[in-house]
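Notes follow the structure.
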Amino acid sequence: MSMKHESTFFVRSALDTDYLAFVRLFPELQVDDPVPSLETWTAGFVPSTLVATRGEEVVGYCYFQELRETGYVRNIVVAPAARRLGVGRTLMNATANQLRAHGKSSWRLNVKPDNFPARFLYERMGLRPQYESKSFRMPWVALNALPPGTSFVREPTLERDGELESAFELPRGQLESARGLKRILLEAVSSTTQRSIGLAVFDPKFPGAFPFRVKDIEAVATLLAAMRQLVPADEHVGLVAEDDERLVDLLVGLGAICRDQILHMAGPL
Ligand SMILES: CC(C)(COP(=O)(O)OP(=O)(O)OC[C@H]1O[C@@H](n2cnc3c(N)ncnc32)[C@H](O)[C@@H]1OP(=O)(O)O)[C@@H](O)C(=O)NCCC(=O)NCCS
């Protein structure tokens, strides 16, 4: 009788000393980003990462963020030689247990639509596709072609995070988490109605904004101009249009290049 090989894997919290394994595994995500530094690993990943081990060897990791009510799986990678043995499922189950233990009732993640191994795994874990997004790289010169906005930009105070999260349909706690990661929050406000019409979570190091959400397309010019002032020397900016064809059309019209499609999946815990 042929039996599927069930090796013994253990899952534990990540340690600073797992950095070399992380350096080996991270490129498997096939994103353009360079491997995060040891400092970023230690401060940003370790507190919120589980690793799977087989003997002494780290064969996979799952990095997630905990928001107020939901968990956000940011990376999951299994070493090529250890795939299809249940490591991914074991890591996802352990992550789900930890999130449940911390009171989360749902979880979510982003995946490339053509990454079927990952999508099958997530489907098996009860996650379902919610919407598609596109990430863009836009030359800053494109901004010259856009009529200046009539809205203005402000940096929203901490107290308004909840209000803005509901207005822009973000999970509760995402803005607080962004602040913790030193992102700059920019809110576009209509000069006529005084209402919030756009929100960008800007990372000057990238440089780029994600989320970048607009209720009124007019907010795009205002937000981009404010971002531009923060990084006057860069040539390009990264932007993600989430479930927003109007924004996609505008960015493509301006000469932005679509770099990736992203499928957002979510499910109960
Ligand atoms: C996605 C990934 C983490 C899956 O890890 P894994 O350890 O191989 O997954 P598991 O063995 O636990 O598989 C669990 C289930 O997922 C599904 N699955 C996983 N890989 C699959 C594949 N290549 N084809 C079809 N289904 C697959 C199956 O339903 C599988 O259950 P089964 O083996 O009982 O049929 C792994 O392929 C990987 O590291 N890929 C590269 C990095 C990556 O793309 N990460 C996701 C970024 S969003």
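The values are calculated or read from the model by the stated rules, or taken from the named source; none is laboratory data. Quick caveat: nothing in here was measured; it's all calculated off a predicted structure. Glycine gets a Cβ as well: all are built from the backbone with ideal geometry, and neighbour counts include every protein chain shown. To get the accessible areas, we keep the full protein, side chains included, count just its heavy atoms, and leave off ligands, DNA and RNA. Shrake-Rupley method; radii C 1.70, N 1.55, O 1.52, S 1.80 Å.
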Where only C-alpha atoms are counted, convex hull volume of the range 140-186 per residue in Å³ | 111 Å³
For the range 167-206: rounded, prolate or oblate by the Cα gyration tensor [a/c cutoff 1.5] | oblate
Residue-by-residue Karplus 3J(HN,Hα) for the range 21-33, coefficients 6.51, -1.76, 1.60, Hz, glycine and proline x = 5, 4, 4, 6, 8, 3, x, 5, 6, 6, 9, 6, 4
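Does the range 167-257 come out rounded, prolate or oblate by the C-alpha gyration tensor, with a ≥ b ≥ c the root eigenvalues, rounded set by a/c under 1.5 and, if not, prolate when a/b is larger than b/c and oblate if not?
Values: a/c = 1.34, a/b = 1.02, b/c = 1.32.
Here the range 167-257 falls in the rounded category.
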Loop-resident sites, the range 163-218, for GluC sites (Glu not before Pro), counting at most 12 other Cβ within 10 Å (DSSP) = Glu169
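How about the range 20-107: which chymotrypsin sites (Phe, Trp or Tyr not before Pro) there lie in a loop by DSSP and see at most 13 other Cβ atoms within 10 Å?
Working: sites: Phe22, Trp41, Phe45, Tyr61, Tyr63, Phe64, Tyr72, Trp107; in loops: none.
Listed in order of number, the matching sites amount to none.
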Quick one: which residues, 5 or more positions from Asp243 or on another chain, have an amide H under 5 Å from its amide H? H modelled 1.01 Å from N in the peptide plane, none for Pro or chain starts.
-> Glu132, Ser133, Lys134
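What is the calculated FRET efficiency for Asp243 to Ala81, with r their C-beta to C-beta distance and R₀ = 51 Å, to the nearest 0.05?
On the way: r = 37 Å, r/R0 = 0.73.
Using R0 = 51 Å, I get an efficiency of 0.85.
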Value of Rg to Rh for the chain (Rh from inverse mean 1/r over Cα pairs, i.e. Kirkwood) | 1.00
Per-residue [θ]222 nm for the chain (sum of -39500 (n - 2.57) over DSSP H runs n ≥ 4, rounded to 500) = -7000 deg cm²/dmol
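Subtract the Cα-Cα distance of Asp260 and Arg89 from 0.36 nm times their separation in residues, and report this length gain in nm to one decimal.
Details: separation 171, 0.36 × 171 = 61.56 nm, distance 2.54 nm.
So the chain would gain 59.0 nm between Asp260 and Arg89.
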Would you mind computing, in nm to one decimal, how far apart the modelled labels at Lys205 and Ala225 are, each placed 7 Å from Cα along Cα→Cβ?
-> 3.0 nm
Can you give the Rg and Dmax of the range 126-223 based on its C-alpha atoms, in angstrom?
-> 14.0, 45
Of all accessible surface on the chain at a 1.4 Å probe, what whole percent is carbon and sulfur?
-> 53 percent
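So what's Rg/Rh here for the range 1-145, counting alpha carbon atoms and using the Kirkwood radius for Rh? Display every interim value, and only then the final one.
On the way: Rg = 16.8 Å, Rh = 16.6 Å.
On the Cα set of the range 1-145, Rg over Rh gives 1.01.
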Applied in sequence order to the range 108-118, the curve 6.51 cos²θ - 1.76 cosθ + 1.60 (Karplus, θ = phi - 60°) yields integer Hz couplings, x standing for Gly and Pro, of 8, 6, 10, 9, 6, x, 8, 8, 5, x, 5
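Let me know the volume per residue of the alpha-carbon convex hull for the range 31-97, in Å³. Present the calculation step by step, with values, prior to reporting the outcome.
Values: hull volume 7.7 nm³, N = 67.
Output value, Cα hull per residue: 114 Å³.
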Hey, rough spin-label estimate for Arg68 and Glu56, points 7 angstrom out along Cα→Cβ, what's it come to in nanometres?
-> 4.7 nm
Which ³J(HN,Hα) values, rounded to whole Hz and listed in residue order, are derived for the range 227-238 from phi using the Karplus coefficients 6.51, -1.76 and 1.60 in 6.51 cos²θ - 1.76 cosθ + 1.60 with θ = phi - 60°, glycine and proline given as x?
-> 5, 4, 5, 7, 9, x, 8, 6, 9, 10, 9, x
Per-q log10 I(q)/I(0), the range 1-75, q = 0.23 Å⁻¹ (Debye; single scatterer per alpha-carbon; no solvent) | -1.09
Projected label distance in nm at Gln30 and Ser166, using a 7 Å step from Cα toward the beta-carbon = 4.2 nm
Give the long-range amide H neighbours of Arg68: residues separated by 5 or more places, or on another chain, with amide H under 5 Å away, using H modelled in the peptide plane at 1.01 Å from N.
-> Gly173, Gln174
